[in-house]
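The values are calculated or read from the model by the stated rules, or taken from the named source; none is laboratory data. A quick note: this is a predicted structure, and the numbers were derived from the prediction, not measured. Neighbour counts are summed over all protein chains in view; Cβ atoms, including those assigned to glycine, are modelled from backbone coordinates with ideal geometry.
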Amino acid sequence: MSGATAESSRPEPPPSWGTGAPGFGANLARRVGTALVALPVLLAALLLGPPWLGVAIVTLALAVGLAEFFTLLGARGIRPMRHAGVLLAAALYLDVVMPGWLPFPLVPLGALLLLTLTLSRGTELDSVSASALTLLGAVYLGALGGTIAALRLLAPVGEGGLRLVLLLGVLVFADSFAFFVGHALGRRRLAPAISPGKTVEGALGGLVGGVAGAFVVRQLGLPELPFLHTAGLGLAVAAMGIVGDLAESRLKRWAGVKDSGALFPGHGGMLDRLDSLLFGAPVLYYYFQFVR
């Protein structure tokens, strides 16, 4: 079967930022129920717990996300190089979160191991694809994920929890606005070849929601954040969150699955929850590292 035919034969998910999605009420109830349980616990851990607890939560989530990424590859019939991928992801993660902490750089070692394993698979022609996609997973979850954890450890460390809450606040508001605006007003599809359920109207609602979320967090804990910076961060993080959502949708469509997992009822797997965070976090990381 050709790639185009295989792609078109995969089931399209119901609209998520559009109108007329089947089971809207049930899906909404599952989403809200999951959020009501998970968000208060997460916020308490980030705001009241020590820095290591926030980093540990992020690290665990990334590890689960990497496992789900490898599962996506398996759904496509590709055997990922798991051990080398984990090592390389850890090296990239540590390089972002704690640069200079290790006495020697791990990234070259991980790259050597990955390429050596490509040769060790003998005549398996898909070993090149497996190597490239394993590297993609390491960069995706390790390097981008490292910026999430780094937000908790950047100076001043006392504001680390609030920086993570800012990331979550912007993206939760953006996702909520996109969800409701898309279902109420969504008509034009945003990226029909990647994620047919998302609409331009929902995306615009998400951008507005991202700015609103940034100002809510500013009011609650970051009052010294300049007004224009707050608006810009909310807009940029929400926009990159949409890109991250579409990037993961592309991966799932390529793998022929609806969700990366079933860890969160109504929300899918861990990778489904991390997708926008992984793309939004670098915006805040570079801002708090080099601007503020």
Determine the pairs where a residue that is part of a loop (DSSP other than H, G, I, E, B), located within segment 97-111, has a partner that is surrounded by fewer than 16 Cβ atoms within 10 Å (Cβ to Cβ) with Cβ atoms under 9 Å apart, the partner being 6 or more residues away or on another chain. 98/153
When you look at residue 257, is it in a helix (DSSP H, G or I), touching a helix residue (DSSP H, G or I) at 6+ places or on another chain (Cβ under 7 Å) and either over 26 Å from residue 160 (Cα atoms) or of a type outside the set (D, E, K, R) (or both), yes or no? no
Among the residues of segment 55-98, write down those that are more than 15 Å from residue 281 (Cβ to Cβ) and of a type in the set (Phe, Trp, Tyr). 69, 70
Please find, among 243, 257, the residue that is under 15 Å from residue 72 (Cβ atoms), of a type in the set (Val, Ile, Thr) and within 19 Å of the chain's Cα centre (by Cα). 257
Only one of 188, 163, 152 is touching a Pro at 6+ places or on another chain (Cβ under 6 Å) and among the basic types (Lys, Arg); which? 152
Just checking, does segment 261-271 include any residue being within 24 Å of residue 213 (Cα to Cα) and either in a helix (DSSP H, G or I) or touching a His at 6+ places or on another chain (Cβ under 9 Å) (or both)? yes
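Kindly establish whether residue 60 is under 27 Å from residue 42 (Cα atoms), loosely packed, with under 14 Cβ neighbours inside 10 Å and aliphatic (A, V, I, L, M).
Taking the combined requirement at face value, the residue satisfies it.
Quick grid of which residues meet (1) modelled with pLDDT under 95; (2) under 23 Å from residue 250 (Cα atoms); (3) within 17 Å of the chain's Cα centre (by Cα); (4) of a type in the set (A, V, I, L, M, F, W, C):
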site: 164; (1), (2), (3), (4): no, no, yes, yes
site: 176; (1), (2), (3), (4): yes, yes, yes, no
site: 187; (1), (2), (3), (4): yes, yes, no, no
site: 191; (1), (2), (3), (4): yes, yes, no, yes
site: 197; (1), (2), (3), (4): yes, yes, no, no
site: 204; (1), (2), (3), (4): no, yes, no, yes
Taking segment 100-145, which residues are among the β-branched types (Val, Ile, Thr) and in contact with a Gly (Cβ under 8 Å, 6 or more places away or on another chain)? 134
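Would you tally the residues in segment 166-180 being β-branched (Val, Ile, Thr) and surrounded by 24 or more Cβ atoms within 10 Å (Cβ to Cβ)?
1
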Scanning segment 256-292 for residues that are small (Gly, Ala, Ser) and surrounded by fewer than 19 Cβ atoms within 10 Å (Cβ to Cβ) gives 256, 262, 266
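Would you call residue 72 surrounded by 20 or more Cβ atoms within 10 Å (Cβ to Cβ) and modelled with pLDDT of 85 or more?
yes
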Taking into account only those residues within segment 123-146 that are buried (at least 24 other Cβ atoms within 10 Å of the Cβ) and within 14 Å of the chain's Cα centre (by Cα), which is farthest from residue 101 (Cα to Cα)? 137
For segment 49-62, give me each residue that is part of a helix (DSSP H, G or I) and without any contact (Cβ under 8 Å) to a residue 60 or more places away in the chain. 52, 53, 56, 57, 60
Looking at the structure I just gave you, is residue 196 out of contact with any helix residue (DSSP H, G or I) (no Cβ under 8 Å at 6 or more places or on another chain), surrounded by fewer than 18 Cβ atoms within 10 Å (Cβ to Cβ), farther than 14 Å from residue 272 by Cβ and not aromatic (Phe, Trp, Tyr)? no
